[in-house]
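Some notes on the structure that comes next.
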Amino acid sequence: MLDVAVDHARIEDLLELGVRTDPPVMTGAAELKTKLDLSPGDADVSNRLRLIGDFQISGAYFTNDKVQSKVDALSMRGQGRPEEAKGDVPDVQSEMAGAFRLKNGMLSFSRLHFQIPGTKVDLTGKYSLDGNQFDFHGKARMNAKLSHLVTGWKSVLLKPVDPFFSKDGAGTEIPVKVTGTKSEPHFGLDFRHKDVKASGNSNN
């Protein structure tokens, strides 16, 4: 059992220690503080490695083009520029921080803060190190009002409900989910998830 503090690292290098995906999910600068427990045995390191701690990632890019393009589009919509979200926009950098636990090849997050220009997202959930499972739920807060996230007739229809989704200084606050796999991630609204109400009362 070790107490580990990592400064001025690269997240892609840290992920390669235990994540069984090539290339790693993302690149970027990272800082990490964790308790490390590597039990003996013949199993893969990713299945024997146990971690619990917190981290920060800055200047991150996702290596999966589908994921990065969705992040880029979300940033444009969050800034109230939905027309640009439909085009080939420049890749935006992501900032992340949170508290995590790694056990039996599953990475669980009790707190995960994700930020890009125009949008802040707070999630809880888990990610399998083989990339075959994403399951995150939480809330997204955007600078733009709901009717400014889309274009055309949809924007007109949504304008009357703008006040219902504007909360605590955010133009829009909505429940969201990220599910699927590394190769086929799915981003969507999450009004039915059981933890939406609870996460809305959280101070994290």
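The values are calculated or read from the model by the stated rules, or taken from the named source; none is laboratory data. Everything numeric in this text was worked out from a predicted model, so none of it was measured. With ideal geometry, Cβ positions are generated from the backbone for all residues, glycine too; neighbour counts draw on all protein chains shown. Heads up: the accessible areas ignore ligands, DNA and RNA and are worked out on the full protein's heavy atoms, side chains in. Shrake-Rupley method; radii C 1.70, N 1.55, O 1.52, S 1.80 Å.
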| remark: Spelling it out for residue 128: with amide H atoms placed in the peptide plane at 1.01 Å from N, the residues 5 or more places away or on another chain with amide H under 5 Å from its amide H are 107, 133
| task | Would you mind calculating the relative contact order of the stretch 12-112 from Cα pairs under 8 angstrom and at least 6 residues apart, reporting the percent as a whole number? | result | 28
| What value, in deg cm²/dmol to 500, does the helix sum -39500 (n - 2.57) over DSSP H runs of n ≥ 4 give at 222 nm once divided by the residues of the chain? | -5000 deg cm²/dmol
| said: List the aspartates and glutamates whose Cα sits under 17 Å from the Cα of residue 120, skipping any in the same chain fewer than 8 residues away. | reply: 72, 91, 95, 168, 173, 190
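Please compute the contact order of the chain in relative form: average sequence separation of alpha-carbon pairs under 8 Å and at least six residues apart, divided by the residue count, as a percent. Present the calculation step by step, with values, prior to reporting the outcome.
Details: 473 pairs, mean separation 31.3, N = 204.
Here the relative contact order equals 15 percent.
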| request: Return the FRET efficiency for the residue pair residue 162, residue 184: r is the Cβ-Cβ distance, R0 is 41 Å, and the value is rounded to the nearest 0.05. | output: 0.80
| note | HN-Hα couplings for the stretch 143-159 via Karplus (6.51, -1.76, 1.60; θ = phi - 60°), in whole Hz with x for Gly/Pro, come out as 5, 7, 6, 3, 5, 8, 7, 10, 10, x, 5, 4, 4, 5, 5, 7, 4
| Too-long pairs where the Cα-Cα distance tops 32 Å, listed order kept, from 126/159; 35/86; 154/177 | 126/159; 35/86
| Integer Hz, Karplus 6.51/-1.76/1.60 couplings in order for the stretch 68-80, x for Gly and Pro | 4, 5, 5, 5, 4, 5, 4, 5, 5, 5, x, 8, x
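In square angstrom, what is the accessible area per residue of the chain with a 1.4 angstrom probe? It would help to have the intermediate numbers written out before the result.
Numbers: 11660 Å² over 204 residues.
Ligands and nucleic acids excluded, the figure is 57 Å² per residue.
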| query | Quick one: Karplus J couplings for the stretch 44-59, per residue in order, coefficients 6.51, -1.76, 1.60, θ = phi - 60°, nearest Hz, x for Gly and Pro? | reply | 4, 4, 4, 8, 9, 6, 10, 9, 8, x, 9, 8, 9, 10, 10, x
